[in-house]
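Working notes, beginning with the structure itself.
The values are calculated or read from the model by the stated rules, or taken from the named source; none is laboratory data. Note that the structure is a prediction, hence the values are computed from the model and not measured. Positions of Cβ are backbone-derived with ideal geometry, glycine not excepted, and every protein chain shown enters the neighbour counts. Accessible surface is based on the protein model in full, side chains and every heavy atom, while ligands, DNA and RNA are left aside. Shrake-Rupley method; radii C 1.70, N 1.55, O 1.52, S 1.80 Å.
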Amino acid sequence: MSASRNHAIIRTHALKKDYVLGAEIVHALRGVDLVIDANEYVAIMGPSGSGKSTLMNLIGCLDTPTEGEYWLDGEPVAGLPDDELARIRNREIGFVFQTFNLLPRATALHNVELPLIYGGIPRRERRERAQAMLERVALADRMHHRPAELSGGQRQRVAIARALVNRPSILLADEPTGNLDSQTGAEIMALFDLLHGEGQTILLVTHEHDIAEHAHRAVTLRDGLIASDQLRSVPALGS
Amino acid sequence: MNPRAGIALALAQIRAQKLKSFFAVLGVIIGVMFLIAVVSVVEGMNRYITEDFARQVYGLNTITVRRVPEINFAGPSEWREWQRRPRLRFEDADAIHEQLGLPALVAVESDADAVLEAEDGTEVKNVWLSGASADYFRIMEHEIARGRLFTPPEDRFGIPVVVLGHEAAEKLFGSRDPLGRRVRINGFPFRVIGVLEQEGSLFGFSLDRRAIAPAHSPVARMVNPHGIVDRIVVRVSDAQLIPLAKLRLEAIMRSRRGLRPNDGNNFVIETSDEGLSFWARISRILYIAFPGLVSIALVVGGIVIMNIMLVSVVERTREIGVRKAIGARRRDIILQVLVESATLSGLGAILGIAIGIGLAWLVRALSPLPAVIAPQWIAAAVLLGVGVGMIAGIYPAARAAALDPVVALRHE
Ligand SMILES: Nc1ncnc2c1ncn2[C@@H]1O[C@H](COP(=O)(O)OP(=O)(O)O)[C@@H](O)[C@H]1O
Ligand SMILES: [Mg+2]
């Protein structure tokens, strides 16, 4: 464990992303250097339009940078072909979205199984792992419910189970409490704290300070650049 | 993702949108339905013709001499030529009998519709009346159920006796014994000497509603002008003699008609093969023309499915984004859409098969056409449906696979 603790999961160098909007070019990221070590819990903050989601998408291999370099777990990622990126998303990344993004017609169990299906995990193991994951997020009794039959908090817990079922290197959460009331949001954040306590590396996008306070490091973006990068004085792991 | 999971997913999708799915595959349903219905009837006809029809119409090992073909597709000019042909006569049959030089039975037969009336006034109309030689029964393998057949002397002297078909006897006499009773054929009195075994029907036409009397009896005037017969039937003792017998018959008839080497035959010589080849011609036409019609329905069906799948891909943009985000590769997305499209279309094909079979049954029940459901065509129809779905799914699948996950996730 201690060997991996200082190992960089995420390392970006001069990461840039431009969007072409008609004749105009939007520089969403202008050169981001960021290193995130194993078991870090990082909040990315910043005003709307500052490039948080863009950075998240690049780190999550959903998108490719216009310029710059990116190593995930020591492997260069920028410029990999589509299918290779899909494989990385499947094995190394767990996404949690503001709007949950569950498949509406599938049960909670099937939603959680989905990454394992694409990972080619055999049926039995798939089922067992998905069930175990749902138990960990306290949804053992909701496995066969569809998203419409679940509350917002329960849906987000299904999404978290789905994100974690493939044991990703990093959990990426974009405003995970944005669609939840504060009570439920607090429950989700407590779950994140627990996961971090168990060694999970977490990157969290939020514009709310009290959410960001759960993280031990806050990176603030402004106009596509890192404006500040602060370690918090919150107690680290385990103590 | 394995295809089985894909099919389950597709079925869930289809269940959720039953009506839309139904309309999506309507083209496939119609195409397959017609395919199965028509093929079943054609197959049924095929089996029927080769097994029953040829024997019942032409008889086994028999050769028929006629003025024009029994079954034909004649055009008007051909028809006019046929009308100018001389008709067959009793003397032609006598000449064949004398000159054939092969072990064979020879008979004449002429027929017409008749009205039969029993002594108590019971009338039966539309009876198939034949004037025939005594050997006609043996040639056509008509078996007697009760009484007896008429004899060559009874034919020669034109005795007014008659052998009735099963249905004709029943309609005229009910439960009473028909043997020895008088029956008026078109008003002329005959004595019933026998009743034939029941033979059933051919394309809805009863083979038992008939009466057969000696060719020289008073029926002669009812069926043809004096001295004329409709056909001469020859039965050889062995099928291997048929080609030789045909050649000799042709030679005998040509010399009797005084035809020169360059003249065509002004008569026809047919065996059950001619009936079969006629049918083979019809079924070939059906098998050639029909796939064209079916493919039009399937192409239209495919285009409809393609459009529905395109709409479905657009509606599920976000879902596709989610799947990509959690690791679906291009080929996973392509497979998902293809499996869904093939499942949809395959289900349509199954529905089409069910309706087609129903239609074939209906045809069999309501019309004299037979129908046989052929398993290989059912398999072909399912494959066809699945294939159409696959092809129709290619473009929507490619569109889905090409979606940018970031854009797809932000959709709506
Ligand atoms: N697909 C896109 N096309 C064009 N412009 C985009 C796209 N995505 C983001 N942008 C622009 O890039 C900038 C950063 O956006 P984003 O990363 O979503 O910011 P945040 O998540 O911090 O609100 C914004 O100006 C936004 O309008
Ligand atoms: Mg954002």
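Among the residues making up segment B:379-402, those that are buried (at least 20 other Cβ atoms within 10 Å of the Cβ) and either touching a Lys or Arg at 6+ places or on another chain (Cβ under 9 Å) or within 14 Å of B:V42 (Cα to Cα) (or both) are B:A400, B:A401. Consider segment A:73-106 and keep the residues that are under 20 Å from A:A28 (Cβ atoms) and more than 13 Å from every other protein chain (Cβ to nearest Cβ). The one that is farthest from ligand 2 (Cβ to nearest atom) is A:G79. Filter segment A:42-65 for residues that are more than 13 Å from A:D174 (Cα to Cα) and of a type in the set (S, T, Y); which is nearest to ligand 1 (Cβ to nearest atom)? For segment A:42-65, the residue satisfying everything is A:S50.
Being away from every other protein chain (no Cβ under 14 Å), open to solvent by less than 10 Å² (accessible area, probe 1.4 Å), more than 30 Å from A:F100 (Cα to Cα) and modelled with pLDDT of 90 or more: is that true of B:G346 here? I'd like the intermediate steps shown before the answer.
Details: away from every other protein chain (no Cβ under 14 Å): yes; open to solvent by less than 10 Å² (accessible area, probe 1.4 Å): yes; more than 30 Å from A:F100 (Cα to Cα): yes; modelled with pLDDT of 90 or more: yes.
Yes; evaluated as a whole, the condition is true for this residue.
Do we have B:V407 as in contact (Cβ under 8 Å) with a residue 24 or more places away in the chain and closer than 24 Å to B:P291 by Cα here? Considered against the rule, which asks whether it is in contact (Cβ under 8 Å) with a residue 24 or more places away in the chain and closer than 24 Å to B:P291 by Cα, B:V407 comes out as no.
Checking B:R181, B:R138 one by one, the residue that is more than 20 Å from B:V233 (Cα to Cα) and touching a residue at least 24 places away in the same chain (Cβ under 8 Å) is B:R181 and no other. Just wondering, is there one or more residues in segment A:123-141 that are within 11 Å of chain B (Cβ to nearest Cβ), farther than 21 Å from B:A408 by Cα and open to solvent by less than 10 Å² (accessible area, probe 1.4 Å)? Checking segment A:123-141: not a single residue is within 11 Å of chain B (Cβ to nearest Cβ), farther than 21 Å from B:A408 by Cα and open to solvent by less than 10 Å² (accessible area, probe 1.4 Å).
Selection of segment B:282-316 for residues being of a type outside the set (S, T, N, Q), more than 30 Å from B:Q17 (Cα to Cα) and surrounded by 12 or more Cβ atoms within 10 Å (Cβ to Cβ) yields B:I282, B:L286, B:Y287, B:F290, B:P291.
Residue-by-condition table, conditions (1) within 14 Å of another protein chain (Cβ to nearest Cβ); (2) at pLDDT 85 or above; (3) under 30 Å from B:R89 (Cα atoms); (4) outside any helix (DSSP H, G or I):
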residue	(1), (2), (3), (4)
B:M1	yes, no, no, yes
B:R4	yes, no, no, no
B:A12	yes, no, no, no
B:G44	no, no, no, no
B:V57	no, no, yes, no
B:L60	no, no, yes, yes
B:V65	no, yes, yes, yes
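In a residue-by-residue description of segment A:39-57, the property of being more than 16 Å from ligand 2 (Cβ to nearest atom) and at pLDDT below 95 applies to at least one position.
Report those strands (runs of 3 or more DSSP E) wholly inside segment A:41-96 carrying at least 1 residues which are crowded, with 24+ Cβ neighbours inside 10 Å. Step through it out loud before you land on a result.
Values: elements: A:41-45, A:67-72, A:93-96.
Per the criteria, A:41-45, A:93-96.
Contact annotation: residue pairs with Cβ atoms under 7 Å, 6 or more positions apart or on different chains, pairing a residue in segment A:47-58 that is under 11 Å from A:L221 (Cα atoms) with a partner that is within 8 Å of ligand 2 (Cβ to nearest atom) and not basic (K, R), are A:K52/A:V205; A:S53/A:D174; A:S53/A:V205. The residues on offer are A:L116, A:L171, and the sole one that is closer than 17 Å to A:Q200 by Cα and within 14 Å of chain B (Cβ to nearest Cβ) is A:L171.
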